[in-house]
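Notes follow once the structure below has been shown.
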Amino acid sequence: MEGNGSYSGPNFSRRSFLGRASQFSALFAAYPLIPLPDLALSLAQDSRVAQSPVVDKGFAAVRKVGDGLYATISDTSKGLQTMCNGGFLYGKDAALLIEGFVSPAGAAFQHETLRSLSKAPIMGALDTHYHFDHSMGNAYYGANGIALWAHAATAKRIWESYAAMQGVDRSAVTGPLEAQAKAAKSEAARQHAAQYASTIGNIFNTVNASVIAVPNRPLDPAKLPVKLDLGGVVAQLETYPGHSGTDVIVRVPEQNVVYTGDLLFNNMYPVTFDEQASVSGWRSTLKTFLSWGPDTIFIPGHGQICGPEGVQLSLDLFDDVEQQAQKLHKSGVPPEDAADQYVVPEKFKNVAIFAWSLSIGPTIAKLYKEWGVK
Ligand SMILES: [Zn+2]
(Lines give C-alpha, C1' and ligand atoms only; values in the text may rest on other atoms or scores of the structure.)
Protein backbone atom coordinates (compact mmCIF):
# COMPACT_ATOMS: atom_id res chain seq x y z
CA MET A 1 0.00 0.00 0.00
CA GLU A 2 1.03 3.60 -0.44
CA GLY A 3 3.02 5.15 2.37
CA ASN A 4 2.38 8.36 4.25
CA GLY A 5 -1.31 7.65 4.55
CA SER A 6 -1.78 8.86 0.97
CA TYR A 7 -4.64 6.45 0.37
CA SER A 8 -7.65 8.18 1.76
CA GLY A 9 -10.79 6.91 0.09
CA PRO A 10 -14.07 8.02 1.57
CA ASN A 11 -14.37 4.93 3.76
CA PHE A 12 -10.78 4.61 4.80
CA SER A 13 -9.25 7.96 5.63
CA ARG A 14 -6.44 7.92 8.16
CA ARG A 15 -8.82 9.47 10.66
CA SER A 16 -11.45 6.80 10.16
CA PHE A 17 -8.77 4.12 10.34
CA LEU A 18 -7.65 5.45 13.69
CA GLY A 19 -11.28 5.61 14.73
CA ARG A 20 -11.77 1.99 13.78
CA ALA A 21 -8.60 0.91 15.51
CA SER A 22 -9.68 2.47 18.77
CA GLN A 23 -13.17 1.05 18.34
CA PHE A 24 -11.58 -2.35 17.92
CA SER A 25 -9.73 -1.90 21.15
CA ALA A 26 -13.08 -1.00 22.68
CA LEU A 27 -13.96 -4.62 21.96
CA PHE A 28 -11.49 -5.48 24.68
CA ALA A 29 -13.41 -3.23 27.01
CA ALA A 30 -16.78 -4.68 26.04
CA TYR A 31 -15.65 -8.28 26.19
CA PRO A 32 -15.26 -9.77 29.66
CA LEU A 33 -11.71 -9.09 30.72
CA ILE A 34 -11.88 -11.52 33.56
CA PRO A 35 -8.69 -13.57 33.34
CA LEU A 36 -9.26 -17.23 32.67
CA PRO A 37 -9.65 -19.12 35.96
CA ASP A 38 -7.31 -22.03 36.68
CA LEU A 39 -8.47 -25.57 36.07
CA ALA A 40 -10.73 -26.88 38.80
CA LEU A 41 -8.86 -29.18 41.19
CA SER A 42 -10.89 -32.23 40.11
CA LEU A 43 -9.75 -31.67 36.51
CA ALA A 44 -6.17 -30.82 37.41
CA GLN A 45 -6.07 -34.25 39.11
CA ASP A 46 -7.86 -36.05 36.27
CA SER A 47 -5.44 -38.47 34.57
CA ARG A 48 -6.87 -37.57 31.13
CA VAL A 49 -5.92 -33.90 31.54
CA ALA A 50 -2.31 -32.75 31.17
CA GLN A 51 -0.89 -30.67 34.04
CA SER A 52 0.48 -28.04 31.70
CA PRO A 53 -0.47 -26.93 28.20
CA VAL A 54 1.39 -28.07 25.06
CA VAL A 55 1.60 -24.43 23.97
CA ASP A 56 0.50 -21.24 25.71
CA LYS A 57 0.30 -18.16 23.49
CA GLY A 58 -1.45 -16.01 26.05
CA PHE A 59 -4.57 -15.43 23.95
CA ALA A 60 -5.03 -19.22 23.90
CA ALA A 61 -3.41 -22.37 25.23
CA VAL A 62 -3.68 -25.93 23.95
CA ARG A 63 -3.98 -28.69 26.54
CA LYS A 64 -4.23 -32.47 26.22
CA VAL A 65 -7.58 -33.68 27.57
CA GLY A 66 -7.51 -37.31 26.43
CA ASP A 67 -5.83 -39.83 24.18
CA GLY A 68 -5.44 -37.86 20.93
CA LEU A 69 -7.76 -35.14 22.28
CA TYR A 70 -6.72 -31.51 22.74
CA ALA A 71 -8.57 -28.40 23.90
CA THR A 72 -7.74 -24.88 22.72
CA ILE A 73 -8.81 -22.54 25.52
CA SER A 74 -8.92 -18.79 24.93
CA ASP A 75 -8.00 -16.19 27.50
CA THR A 76 -9.59 -13.04 26.12
CA SER A 77 -7.90 -10.91 28.76
CA LYS A 78 -4.64 -11.55 26.88
CA GLY A 79 -5.73 -11.11 23.28
CA LEU A 80 -8.54 -11.80 20.85
CA GLN A 81 -6.95 -13.88 18.09
CA THR A 82 -9.11 -16.88 18.93
CA MET A 83 -11.81 -15.42 21.24
CA CYS A 84 -13.72 -18.74 21.46
CA ASN A 85 -12.45 -22.15 22.52
CA GLY A 86 -11.83 -25.00 20.11
CA GLY A 87 -9.61 -28.02 19.91
CA PHE A 88 -8.48 -30.91 17.77
CA LEU A 89 -8.50 -34.70 17.74
CA TYR A 90 -6.28 -37.17 16.01
CA GLY A 91 -5.82 -40.90 15.68
CA LYS A 92 -3.34 -42.84 13.60
CA ASP A 93 -5.30 -42.27 10.35
CA ALA A 94 -6.78 -38.79 10.51
CA ALA A 95 -7.21 -35.53 12.39
CA LEU A 96 -10.10 -33.11 12.90
CA LEU A 97 -9.83 -29.43 13.82
CA ILE A 98 -12.59 -27.63 15.71
CA GLU A 99 -13.54 -23.96 15.10
CA GLY A 100 -12.64 -21.24 12.62
CA PHE A 101 -12.16 -18.78 15.52
CA VAL A 102 -12.52 -15.02 15.20
CA SER A 103 -9.43 -14.56 13.00
CA PRO A 104 -7.19 -16.52 10.60
CA ALA A 105 -4.37 -16.02 13.13
CA GLY A 106 -6.39 -18.05 15.63
CA ALA A 107 -7.05 -20.85 13.15
CA ALA A 108 -3.36 -20.83 12.15
CA PHE A 109 -2.23 -21.14 15.76
CA GLN A 110 -4.38 -24.22 16.32
CA HIS A 111 -3.41 -25.82 12.99
CA GLU A 112 0.30 -25.31 13.68
CA THR A 113 -0.07 -26.82 17.14
CA LEU A 114 -1.78 -29.89 15.67
CA ARG A 115 1.00 -30.19 13.08
CA SER A 116 3.65 -30.12 15.82
CA LEU A 117 2.03 -33.23 17.34
CA SER A 118 0.71 -35.26 14.42
CA LYS A 119 1.16 -35.55 10.67
CA ALA A 120 -2.11 -37.45 10.26
CA PRO A 121 -4.11 -36.20 7.26
CA ILE A 122 -6.66 -33.58 8.28
CA MET A 123 -10.14 -34.70 7.27
CA GLY A 124 -11.59 -31.28 7.99
CA ALA A 125 -12.16 -28.38 10.31
CA LEU A 126 -15.56 -27.92 11.95
CA ASP A 127 -17.34 -24.65 12.74
CA THR A 128 -19.53 -25.63 15.71
CA HIS A 129 -21.99 -22.90 14.58
CA TYR A 130 -22.11 -19.78 12.44
CA HIS A 131 -21.38 -16.98 14.97
CA PHE A 132 -18.59 -14.54 14.04
CA ASP A 133 -16.25 -15.50 16.88
CA HIS A 134 -16.26 -19.10 15.60
CA SER A 135 -16.13 -18.39 11.85
CA MET A 136 -14.31 -15.17 10.87
CA GLY A 137 -11.01 -17.09 10.71
CA ASN A 138 -12.44 -19.62 8.21
CA ALA A 139 -10.47 -18.16 5.30
CA TYR A 140 -7.33 -19.69 6.79
CA TYR A 141 -8.70 -23.18 6.13
CA GLY A 142 -9.65 -22.26 2.57
CA ALA A 143 -6.15 -20.96 1.92
CA ASN A 144 -4.65 -24.17 3.27
CA GLY A 145 -6.88 -26.62 1.42
CA ILE A 146 -8.60 -27.84 4.56
CA ALA A 147 -12.25 -28.80 4.06
CA LEU A 148 -14.58 -26.84 6.30
CA TRP A 149 -17.52 -28.63 7.89
CA ALA A 150 -20.57 -27.21 9.59
CA HIS A 151 -24.32 -27.63 10.09
CA ALA A 152 -25.94 -27.22 6.66
CA ALA A 153 -27.51 -23.87 7.63
CA THR A 154 -24.20 -22.33 8.71
CA ALA A 155 -22.98 -21.00 5.33
CA LYS A 156 -26.27 -19.22 4.68
CA ARG A 157 -26.38 -17.72 8.14
CA ILE A 158 -22.78 -16.49 8.02
CA TRP A 159 -23.59 -14.85 4.72
CA GLU A 160 -26.87 -13.29 5.81
CA SER A 161 -25.56 -12.09 9.17
CA TYR A 162 -22.09 -10.85 8.33
CA ALA A 163 -21.64 -10.29 4.58
CA ALA A 164 -24.55 -7.87 4.91
CA MET A 165 -22.45 -5.81 7.34
CA GLN A 166 -19.54 -5.38 4.93
CA GLY A 167 -19.04 -2.14 3.07
CA VAL A 168 -22.02 -0.40 4.61
CA ASP A 169 -21.82 2.72 6.72
CA ARG A 170 -21.14 1.81 10.34
CA SER A 171 -23.56 4.44 11.59
CA ALA A 172 -26.38 2.80 9.62
CA VAL A 173 -25.86 -0.27 11.81
CA THR A 174 -25.13 1.34 15.17
CA GLY A 175 -27.08 4.63 14.82
CA PRO A 176 -30.53 3.17 15.50
CA LEU A 177 -29.12 1.24 18.49
CA GLU A 178 -27.53 4.38 19.93
CA ALA A 179 -30.86 6.19 19.46
CA GLN A 180 -32.57 3.42 21.42
CA ALA A 181 -30.10 3.93 24.25
CA LYS A 182 -30.87 7.66 24.31
CA ALA A 183 -34.62 6.96 24.43
CA ALA A 184 -34.33 4.37 27.24
CA LYS A 185 -36.86 4.62 30.06
CA SER A 186 -34.50 3.72 32.92
CA GLU A 187 -30.81 3.94 33.74
CA ALA A 188 -30.47 0.14 33.58
CA ALA A 189 -32.17 0.06 30.18
CA ARG A 190 -29.92 2.87 28.94
CA GLN A 191 -26.76 1.06 30.07
CA HIS A 192 -27.85 -2.23 28.50
CA ALA A 193 -28.79 -0.52 25.23
CA ALA A 194 -25.52 1.46 25.11
CA GLN A 195 -23.51 -1.70 25.77
CA TYR A 196 -25.49 -3.46 23.03
CA ALA A 197 -24.78 -0.68 20.53
CA SER A 198 -21.07 -0.80 21.30
CA THR A 199 -20.96 -4.61 21.11
CA ILE A 200 -22.70 -4.61 17.72
CA GLY A 201 -20.28 -1.87 16.63
CA ASN A 202 -17.38 -4.10 17.65
CA ILE A 203 -18.83 -7.05 15.76
CA PHE A 204 -19.27 -4.72 12.76
CA ASN A 205 -15.58 -3.78 12.96
CA THR A 206 -14.45 -7.39 13.30
CA VAL A 207 -16.61 -8.50 10.37
CA ASN A 208 -15.38 -5.64 8.19
CA ALA A 209 -11.78 -6.59 8.97
CA SER A 210 -12.46 -10.21 7.88
CA VAL A 211 -12.48 -12.03 4.55
CA ILE A 212 -15.60 -14.12 4.94
CA ALA A 213 -15.32 -17.79 4.02
CA VAL A 214 -18.16 -20.25 4.37
CA PRO A 215 -18.09 -24.01 5.02
CA ASN A 216 -17.91 -26.21 1.93
CA ARG A 217 -18.92 -29.48 3.64
CA PRO A 218 -22.48 -28.99 4.87
CA LEU A 219 -23.65 -31.50 7.47
CA ASP A 220 -27.32 -32.39 7.00
CA PRO A 221 -28.72 -32.30 10.56
CA ALA A 222 -31.17 -35.10 9.65
CA LYS A 223 -28.16 -37.36 9.05
CA LEU A 224 -26.52 -36.64 12.43
CA PRO A 225 -25.13 -38.13 14.58
CA VAL A 226 -22.29 -39.30 12.39
CA LYS A 227 -19.33 -41.38 13.55
CA LEU A 228 -15.76 -40.48 12.55
CA ASP A 229 -13.08 -43.10 13.00
CA LEU A 230 -9.75 -41.30 13.12
CA GLY A 231 -7.86 -44.54 13.75
CA GLY A 232 -8.13 -45.55 17.39
CA VAL A 233 -10.09 -42.41 18.24
CA VAL A 234 -13.78 -42.45 17.42
CA ALA A 235 -15.67 -39.15 17.53
CA GLN A 236 -19.33 -38.41 16.97
CA LEU A 237 -20.78 -35.23 15.49
CA GLU A 238 -24.17 -34.52 17.05
CA THR A 239 -26.58 -31.61 16.80
CA TYR A 240 -28.67 -30.15 19.62
CA PRO A 241 -31.00 -27.17 20.00
CA GLY A 242 -30.36 -24.12 22.14
CA HIS A 243 -27.82 -21.55 21.12
CA SER A 244 -27.97 -20.79 17.39
CA GLY A 245 -29.99 -23.31 15.40
CA THR A 246 -26.75 -24.47 13.77
CA ASP A 247 -25.00 -26.09 16.73
CA VAL A 248 -22.89 -29.22 16.24
CA ILE A 249 -20.86 -30.82 19.02
CA VAL A 250 -17.98 -33.30 18.90
CA ARG A 251 -18.28 -36.13 21.41
CA VAL A 252 -15.83 -38.90 22.14
CA PRO A 253 -17.95 -41.38 24.15
CA GLU A 254 -15.12 -43.87 24.78
CA GLN A 255 -13.16 -41.20 26.65
CA ASN A 256 -16.11 -39.14 27.92
CA VAL A 257 -14.88 -35.89 26.39
CA VAL A 258 -17.24 -33.40 24.71
CA TYR A 259 -16.49 -30.29 22.64
CA THR A 260 -19.75 -28.40 23.08
CA GLY A 261 -19.29 -25.21 21.05
CA ASP A 262 -21.50 -22.49 22.50
CA LEU A 263 -24.09 -24.95 23.83
CA LEU A 264 -22.03 -24.50 26.97
CA PHE A 265 -20.61 -21.28 28.38
CA ASN A 266 -18.58 -21.96 31.50
CA ASN A 267 -19.16 -19.36 34.21
CA MET A 268 -20.97 -17.03 31.83
CA TYR A 269 -24.68 -16.25 31.34
CA PRO A 270 -25.86 -18.22 28.30
CA VAL A 271 -25.95 -16.10 25.13
CA THR A 272 -29.50 -16.44 23.80
CA PHE A 273 -29.95 -13.50 21.40
CA ASP A 274 -30.01 -15.64 18.27
CA GLU A 275 -33.38 -15.71 16.50
CA GLN A 276 -33.09 -19.50 16.58
CA ALA A 277 -31.95 -19.75 20.20
CA SER A 278 -34.42 -21.60 22.39
CA VAL A 279 -34.36 -21.44 26.17
CA SER A 280 -36.42 -24.62 26.60
CA GLY A 281 -34.40 -26.39 23.92
CA TRP A 282 -31.14 -25.31 25.51
CA ARG A 283 -32.21 -26.46 28.97
CA SER A 284 -33.08 -29.89 27.61
CA THR A 285 -29.70 -30.04 25.83
CA LEU A 286 -27.92 -29.22 29.10
CA LYS A 287 -29.85 -32.03 30.81
CA THR A 288 -28.68 -34.38 28.06
CA PHE A 289 -25.10 -33.24 28.73
CA LEU A 290 -25.57 -34.10 32.43
CA SER A 291 -26.85 -37.56 31.50
CA TRP A 292 -23.38 -38.44 30.19
CA GLY A 293 -22.18 -38.89 33.72
CA PRO A 294 -20.01 -37.34 36.42
CA ASP A 295 -16.72 -38.15 34.67
CA THR A 296 -17.49 -36.18 31.53
CA ILE A 297 -14.98 -33.50 30.51
CA PHE A 298 -16.53 -30.55 28.69
CA ILE A 299 -14.66 -28.13 26.46
CA PRO A 300 -17.12 -25.22 26.47
CA GLY A 301 -17.41 -22.59 23.73
CA HIS A 302 -16.11 -19.98 26.18
CA GLY A 303 -14.46 -20.28 29.58
CA GLN A 304 -12.33 -22.91 31.26
CA ILE A 305 -12.57 -26.70 30.71
CA CYS A 306 -15.10 -28.10 33.17
CA GLY A 307 -16.98 -31.11 34.39
CA PRO A 308 -20.74 -31.44 34.86
CA GLU A 309 -20.66 -28.66 37.49
CA GLY A 310 -20.24 -26.17 34.62
CA VAL A 311 -23.36 -27.58 32.96
CA GLN A 312 -25.25 -27.42 36.25
CA LEU A 313 -24.26 -23.76 36.67
CA SER A 314 -25.79 -22.94 33.28
CA LEU A 315 -29.01 -24.66 34.33
CA ASP A 316 -28.96 -22.76 37.64
CA LEU A 317 -28.51 -19.46 35.76
CA PHE A 318 -31.49 -20.24 33.53
CA ASP A 319 -33.51 -21.17 36.65
CA ASP A 320 -32.62 -17.92 38.40
CA VAL A 321 -33.47 -15.76 35.38
CA GLU A 322 -36.76 -17.66 35.05
CA GLN A 323 -37.69 -17.24 38.73
CA GLN A 324 -37.11 -13.49 38.60
CA ALA A 325 -38.87 -13.18 35.24
CA GLN A 326 -41.90 -15.08 36.62
CA LYS A 327 -42.16 -12.60 39.51
CA LEU A 328 -41.92 -9.65 37.13
CA HIS A 329 -44.56 -11.19 34.88
CA LYS A 330 -46.91 -11.84 37.80
CA SER A 331 -46.57 -8.24 38.94
CA GLY A 332 -47.57 -7.07 35.47
CA VAL A 333 -44.20 -6.00 34.07
CA PRO A 334 -44.25 -6.31 30.25
CA PRO A 335 -41.45 -8.31 28.58
CA GLU A 336 -39.64 -5.29 27.12
CA ASP A 337 -39.27 -3.81 30.62
CA ALA A 338 -38.65 -7.09 32.42
CA ALA A 339 -35.63 -7.70 30.17
CA ASP A 340 -33.76 -4.92 32.00
CA GLN A 341 -34.95 -5.66 35.54
CA TYR A 342 -33.18 -8.92 36.37
CA VAL A 343 -30.84 -8.52 39.34
CA VAL A 344 -27.66 -10.60 39.43
CA PRO A 345 -27.73 -12.32 42.83
CA GLU A 346 -24.71 -12.30 45.12
CA LYS A 347 -23.92 -15.97 44.41
CA PHE A 348 -23.55 -15.23 40.68
CA LYS A 349 -21.58 -11.98 41.07
CA ASN A 350 -18.49 -13.58 39.48
CA VAL A 351 -20.38 -15.02 36.53
CA ALA A 352 -19.45 -13.10 33.38
CA ILE A 353 -22.04 -11.33 31.21
CA PHE A 354 -20.88 -11.07 27.56
CA ALA A 355 -23.45 -8.35 26.89
CA TRP A 356 -26.74 -8.01 28.77
CA SER A 357 -28.80 -7.62 25.62
CA LEU A 358 -27.27 -10.71 24.02
CA SER A 359 -27.80 -12.92 27.06
CA ILE A 360 -29.99 -12.04 30.05
CA GLY A 361 -32.31 -9.68 28.14
CA PRO A 362 -33.21 -12.11 25.33
CA THR A 363 -33.50 -15.00 27.81
CA ILE A 364 -36.25 -13.09 29.61
CA ALA A 365 -37.94 -12.11 26.33
CA LYS A 366 -37.87 -15.72 25.15
CA LEU A 367 -39.23 -17.02 28.46
CA TYR A 368 -42.18 -14.61 28.20
CA LYS A 369 -42.79 -15.97 24.68
CA GLU A 370 -42.61 -19.54 25.93
CA TRP A 371 -45.32 -18.61 28.46
CA GLY A 372 -47.41 -17.24 25.62
CA VAL A 373 -47.16 -13.59 26.73
CA LYS A 374 -47.25 -11.14 23.83
ZN1 LIG B 1 -22.14 -18.41 19.62
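Taking a ≥ b ≥ c as the square roots of the eigenvalues of the Cα gyration tensor of region 45-131, is the shape rounded (a/c under 1.5), prolate (a/b larger than b/c) or oblate? Because a/c hits 1.5 or more and a/b fails to exceed b/c, region 45-131 counts as oblate. Past the 12 angstrom mark, what percentage of all C-alpha to C-alpha distances in region 330-373 do you count? Roughly 63 percent, rounded to a whole number. Amide H to amide H distances under 5 Å link ALA60 with ASP75, where only residues 5 or more positions off or on other chains count and H is placed in the peptide plane. The 3J(HN,Hα) values that the Karplus relation (6.51, -1.76, 1.60; θ = phi - 60°) gives for region 131-147 are, in residue order, 3, 3, 6, 10, 9, 6, x, 3, 4, 4, 5, x, 5, 10, x, 9, 4 Hz. Gly and Pro appear as x.
Grab the beta carbon distance between ALA184 and GLN312, set R0 = 45 Å, and tell me the FRET efficiency rounded to 0.05. It comes to 0.85.
Separation of region 59-119 and region 290-326, taken as the distance between their Cα centroids, equals 23 angstrom. For MET268, nonlocal amide neighbours, meaning residues 5 or more places apart or on other chains whose placed amide H falls under 5 Å from its own, are ALA352.
Our estimate of slack between GLU275 and ALA164, defined as 0.36 nm per intervening residue step minus the Cα-Cα distance, is 38.3 nm. Among the listed pairs LYS64/LYS349; LYS185/LYS349; LYS330/LYS374; LYS64/LYS92, which are separated by more than 20 Å between their Cα atoms? Beyond 20 Å: LYS64/LYS349; LYS185/LYS349.
Relative contact order of region 205-288, please, whole-number percent, based on alpha carbon pairs below 8 angstrom and at least 6 residues apart.
The value is 23 percent.
The H on the amide N of ILE122, modeled in the peptide plane, is under 5 Å from the matching H of ALA95, each at least 5 residues off or on a different chain. Distance from the Cα centroid of region 331-374 to that of region 121-193 is 23 Å (rounded to whole angstrom).
Peptides 337-343, 201-207 ranked from most to least packed by the mean count of surrounding Cβ atoms within 10 Å: 201-207, 337-343. Its relative contact order, with pairs defined as Cα atoms under 8 Å and 6+ residues apart, puts the chain at 15 percent.
Note on exposure: ARG190, ARG283 ranked by accessible area (1.4 Å probe, complete protein assembly) read ARG190, ARG283, with the most exposed listed first. Positive-end ranking of SER291, GLY261, VAL311 along the dipole of the chain, with charges on Cβ about the Cα centre, is headed by GLY261. Per-residue 3J(HN,Hα) values for region 361-371, derived from phi via the Karplus relation 6.51 cos²θ - 1.76 cosθ + 1.60 with θ = phi - 60°, read x, x, 4, 5, 4, 6, 5, 4, 4, 4, 7 Hz in sequence order (x marks Gly and Pro).
Note on LYS78: aspartates and glutamates with a C-alpha under 14 Å away, same-chain residues under 8 apart excluded, are ASP56.
Comparing the chain with the 2.2 N^0.38 Å rule of thumb, its C-alpha radius of gyration ratio is 0.99 (two decimals). Contact order for region 62-121, expressed relative to its length and based on alpha carbon pairs under 8 Å spaced 6+ residues apart, stands at 28 percent.
Cut-off under 27 Å on the C-alpha distance; same-chain residues fewer than 8 positions from LYS156 excluded. Which lysines are left, in chain and number order? Within the straight-line cut-off, LYS156 pairs with LYS223, LYS227, LYS366, LYS369.
Coupling constants for region 56-63 follow from the phi torsions by the Karplus curve (6.51 cos²θ - 1.76 cosθ + 1.60, θ = phi - 60°), and in residue order they are 10, 9, x, 4, 7, 10, 10, 10 Hz; glycine and proline get x.
About its Cα centre, the dipole of the chain is roughly 500 debye, where the only charges are +1 on Lys and Arg Cβ and -1 on Asp and Glu Cβ.
Entry for region 205-301 at q = 0.12, 0.20, 0.21, 0.23 Å⁻¹: log10 I(q)/I(0) = -0.45, -1.11, -1.18, -1.30, Debye formula applied to identical alpha-carbon scatterers, no solvent contribution. With a cut-off of at most 13 other beta carbons within 10 Å, and DSSP calling the residue loop, which trypsin sites (Lys or Arg not before Pro) in region 84-138 qualify? Please list them. Passing both the DSSP loop test and the Cβ count: LYS92, LYS119.
The values are calculated or read from the model by the stated rules, or taken from the named source; none is laboratory data. Everything quoted here is computed from the prediction, not taken from an experiment. Here Cβ is always computed from backbone atoms with ideal geometry, including for glycine, and neighbour counts include all displayed protein chains. Just so you know, the surface numbers come from the protein's heavy atoms only, side chains and all, with ligands and any DNA or RNA stripped out. Shrake-Rupley method; radii C 1.70, N 1.55, O 1.52, S 1.80 Å.
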